[in-house]
Amino acid sequence: MSIDGYVADERGNFDWAAPDDEVHRFVNDLARPVGTYLLGRRMYETLLYWENPPDLDAEPPVIHDFAAIWRAASKVVYSTTLDKVESARTRIERSFDPAAVSRMKQEGDLTVGGPHLAAEAIRAGLVDDFQLIVVPVVVGGPTGASAPRPGAGGRAALPGRCGTPALPHARKCQGSAEVTAGVAGEEGFEPSTF
């Protein structure tokens with residue numbers, strides 16, 4: 001997520017968030033215990049790459065690791081438009097059912113991928129833990145993970161003192177920060193501090 005709370009820029013791109021090997025290893029470690037991914041259609045279509053990455057043999061071990069993690073997990077795709085899935089261990093659900101997700105939580109670790117689906121899970125009280133990886137870039141929309149759109153936007157790198165642009169932990173950064181996030185919904189912005 002960008003420092004201003006977005007997961008995609010105004011064109012829908014998120015190339016500004018490409019992780020280096022250190023961040024990718026950290027994400028792999030977060031994903032490793034997950035038994036089931038709950039995904040919106042667009043997030044599923046993005047992550048589908050990992051089912052069979054091209055030229056995987058030429059990639060570094062961290063990429064091999066994530067591909068194996070992805071393939072081993074079950075996936076539930078919430079979509080009213082997707083006709084079929086193209087990955088193993090995957091099923092489609094036409095609507096988000098909080099009671100069904102609550103039952104799945106009893107069976108093992110879940111993760112929610114996609115800002116709109118995450119907002120539904122948060123509103124339903126199903127999210128127990130937030131794991132935010134913040135990239136020191138100002139993006140300005142259109143899809144916010146935790147902040148209302150601040151107007152005309154654009155993309156600007158922030159000067160930082162971190163050794164890695166998307167560093168998921170503070171040990172290499174100077175200073176401190178409080179992360180305030182929330183869900184932009186019909187009622188407006190509802191902040192929550194983590």
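The values are calculated or read from the model by the stated rules, or taken from the named source; none is laboratory data. In this text, all values refer to a predicted model and were calculated from it rather than measured experimentally. Neighbour counts run over all protein chains shown; Cβ positions are idealised from the backbone, glycine included.
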Within segment 21-34, work out how many residues are surrounded by 14 or more Cβ atoms within 10 Å (Cβ to Cβ) and either part of a loop (DSSP other than H, G, I, E, B) or aromatic (Phe, Trp, Tyr) (or both).
3
Among the candidates 29, 55, 15, which residue alone is at positive phi and free of Cβ contacts under 8 Å to residues at least 24 places away in the same chain?
55
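Conditions (1) of a type in the set (Phe, Trp, Tyr); (2) within 16 Å of residue 89 (Cα to Cα); (3) surrounded by fewer than 18 Cβ atoms within 10 Å (Cβ to Cβ); (4) not assigned by TED's automatic domain parsing to the domain that holds residue 121, marked per residue:
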| residue | (1), (2), (3), (4) |
| --- | --- |
| 8 | no, no, no, yes |
| 36 | no, yes, no, no |
| 46 | no, no, yes, no |
| 51 | no, yes, yes, no |
| 63 | no, no, yes, no |
| 68 | no, yes, yes, no |
| 77 | no, yes, no, no |
Consider segment 94-133. How many of its residues are touching a residue at least 24 places away in the same chain (Cβ under 8 Å), under 20 Å from residue 74 (Cα atoms) and out of contact with any helix residue (DSSP H, G or I) (no Cβ under 9 Å at 6 or more places or on another chain)?
6
Can you pull out the residues in segment 1-19 that are within 20 Å of residue 118 (Cβ to Cβ) and in a loop (DSSP other than H, G, I, E, B)?
1, 3, 4, 5, 9, 12, 13, 14, 19
Give the residue that is modelled with the highest pLDDT, with candidates limited to residues of segment 129-162 that are assigned to a loop (DSSP other than H, G, I, E, B) and in contact with a Lys or Arg (Cβ under 8 Å, 6 or more places away or on another chain).
139
